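Worksheet: one structure, shown below.
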Amino acid sequence: MTLTEEIIEKTIIVGNQMGLHARVATVVVQTMRNFNCQVTLVKDGMEVDARSVLGLLLLAATPGSEIVIKGNGPDSRSAVDSICQLIETEESDNF
């Protein structure tokens with residue numbers, strides 16, 4: 001990591017009525033393909049890579065769960081913002 005890389009951290013609440021389920025996790029992983037940074041999600045002390053569907057499912061994030069999203073890298077702000085949008089909005093119910 002160079003000094004010019006940005007480190008971002010945001011706390012969100014899962015807004016989807018089904019929680020962080022398989023389809024949403026898959027879309028998160030697909031979204032990460034557009035970014036060149038490291039993003040992790042943390043819930044109850046468990047930290048997982050945003051590029052891992054299995055890891056995201058292991059968080060067992062139910063509706064109303066608090067998740068911390070951490071990004072590290074040159075485009076981490078955009079990546080974290082995109083993932084926040086996917087997880088905390090009701091729109092993800094359409095997946």
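Since every read-out is calculated from the coordinates, none of them should be taken as a lab result. The model shown is predicted, which means the values in this text are computed figures rather than measured ones.
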Give, in whole angstrom and from largest to smallest, the semi-axes √(5λ) of the equivalent ellipsoid of the stretch 1-85, with λ running over the eigenvalues of the Cα gyration tensor. 21, 13, 11
Contact order normalised by residue count of the stretch 6-94, Cα under 8 Å, 6+ apart, percent: 47 percent
Helix-only [θ] at 222 nm, the chain, -39500 (n - 2.57) per DSSP H run of 4+, per residue, nearest 500, equals -9500 deg cm²/dmol
In degrees from 0 to 90, rounded to the nearest 10, what is the angle of the helix 76-88 Cα long axis to the longest principal axis of the chain? 10 degrees
Over the C-alpha atoms of the stretch 27-70, what are the Rg and the largest Cα-to-Cα span, Dmax, in Å? 10.2, 29
Angle, helix 22-32 long axis vs. longest principal axis of the chain, Cα atoms, 0 to 90°, nearest 10? 20 degrees
